[in-house]
1. From 236, 187, 191, 219, grab the single residue that is open to solvent by 10 Å² or more (accessible area, probe 1.4 Å), touching a residue at least 12 places away in the same chain (Cβ under 8 Å) and under 23 Å from residue 312 (Cα atoms).
2. Based on this model, can you work out whether residue 312 counts as open to solvent by less than 50 Å² (accessible area, probe 1.4 Å) and modelled with pLDDT under 95?
3. Of all residues being more than 21 Å from residue 262 (Cβ to Cβ) and outside any loop (DSSP other than H, G, I, E, B) in the range 194-216, which is most open to solvent (accessible area, probe 1.4 Å)? Just the residue, please.
4. Taking the range 180-193, which residues are polar (S, T, N, Q) and either within 20 Å of residue 160 (Cβ to Cβ) or in a loop (DSSP other than H, G, I, E, B) (or both)?
5. Condition test on residue 225, is it without any contact (Cβ under 8 Å) to a residue 40 or more places away in the chain and touching a Phe, Trp or Tyr at 6+ places or on another chain (Cβ under 6 Å)?
6. Looking at the range 150-184, which of the residues that are more than 25 Å from residue 251 (Cβ to Cβ) and within 27 Å of the chain's Cα centre (by Cα) is most open to solvent (accessible area, probe 1.4 Å)?
7. Hey, can you tell me all the residues within the range 129-155 that are without any contact (Cβ under 8 Å) to a residue 24 or more places away in the chain and either among the basic types (Lys, Arg) or within 29 Å of residue 234 (Cβ to Cβ) (or both)?
8. Report, by residue number, each residue of the range 220-240 that is out of contact with any Gly (no Cβ under 9 Å at 6 or more places or on another chain) and either part of a strand (DSSP E or B) or of a type in the set (A, V, I, L, M) (or both).
Amino acid sequence: MATPSNWYESDYPKVLVAIIDYYTTGLNKLYCSTHELVATLDGNLTGFNPRLVGDVSFSIGLVDLAKGSRTTSNYGKLRFLNSDGKLDLWLDYGFDGRDLKLLVAPLGATDLDTHSVEVFNGKIDKLEIEDNNYLSLSFRDPLLLLDTPIQPTNYSVGETITYFDGVTNVTVTVTDNLKDKTKPMVYGKVYNIEPVLISSADRVYQIDSMPIQAITAVYDKGVLLTPGVGYVVDTYKGVFELIHNNAGTITCDVEGRILYSTNYSARLSEIVKDILINKGISTAVLDEIINRSVDVGIYISDRENTLDVLDK
């Protein structure tokens, strides 16, 4: 019996397929399904272990900024029959954070490259023993990668930073009171921000630990300083040095970090894309991101969650 062209939308019998990454001494894949299945996948004839049980469901989270809600991750769970204990060896595998792809295909399909629909592509949360008969694999979409601090790097005691002051390389020791403080970062155009004073003895400030485009202005107690006379900048290290002692609070205007494309941009879509790439979401997933024509900026000087930054 030929597979109808509308098999996906109709009541035609279907098979759920799971392609699961895991780690032992290297990265490997498991191929499972709800029914007996041998079919072509990515050009190779592949056998699937018919251990999947039941349907898969998803919970979808949306952001509602008007109500102060926060972006949440989609999540779900797969169940695997293990009454014979043959899947016990899975308990020694490394699943957390690995890739998971789910396909739906018509029952009896022999070529998943042409007769399947991808219904999920995301990350594994964890594997659990459900009871004596089942193992369960919980998973989330790639937002799982974003529910983490956007800047995981802190200052440490005794840390040194070497920068170029326009004449020679200078090395300063970061002040001890910055121990465990998150290093700052800047995306896009920001104005009148307070940089981090990393060495009071040397009058050195930092606004990003990665290369930036420019520090366009520095103010001392609101008074604009002259570049080269009042301060010198090393954009590669994201720092500047005051040439004289300051009279009050130091603030600055900045064009932020160089992005994934090795270019500076204040464009919203480019900044979001850079954040996602740095969190391990592939560029292929982001190819259809909307290139909005608005310029934005954000200065992050304390520990913040990536999802919260993206919501802002």
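1. Values: 236 fails: under 23 Å from residue 312 (Cα atoms); 187 fails: open to solvent by 10 Å² or more (accessible area, probe 1.4 Å); 219 fails: under 23 Å from residue 312 (Cα atoms).
On inspection, the qualifying residue turns out to be 191.
2. Details: open to solvent by less than 50 Å² (accessible area, probe 1.4 Å): no; modelled with pLDDT under 95: yes.
Taking the combined requirement at face value, the residue does not satisfy it.
3. Pass one, the range 194-216, residues more than 21 Å from residue 262 (Cβ to Cβ): 194-206.
Within this subset, residues satisfying the condition of being outside any loop (DSSP other than H, G, I, E, B) are 196-199, 204-206.
On the way: 196: 11, 197: 68, 198: 0, 199: 7, 204: 0, 205: 19, 206: 7 Å².
That would be 197.
4. Within the range 180-193, the subset polar (S, T, N, Q) is 182, 192.
Selection gives 182 alone.
5. Working: without any contact (Cβ under 8 Å) to a residue 40 or more places away in the chain: yes; touching a Phe, Trp or Tyr at 6+ places or on another chain (Cβ under 6 Å): yes.
The answer is yes for residue 225.
6. The selected residue is 152.
7. If we filter the range 129-155 for residues that are without any contact (Cβ under 8 Å) to a residue 24 or more places away in the chain, which is where we start, we get 131, 152.
The one that is without any contact (Cβ under 8 Å) to a residue 24 or more places away in the chain and either among the basic types (Lys, Arg) or within 29 Å of residue 234 (Cβ to Cβ) (or both): 152.
8. Residues satisfying the conditions are 225, 227, 229, 231, 239, 240.
The values are calculated or read from the model by the stated rules, or taken from the named source; none is laboratory data. On a predicted model such as this, the values are computed, not experimentally measured, just so you know. As a convention, Cβ positions derive from the backbone with ideal geometry for all residues, glycine included, and neighbour counts pool all protein chains shown. Each accessible area value is taken on the protein alone, full model and side chains, heavy atoms only, with ligands, DNA and RNA left out. Shrake-Rupley method; radii C 1.70, N 1.55, O 1.52, S 1.80 Å.
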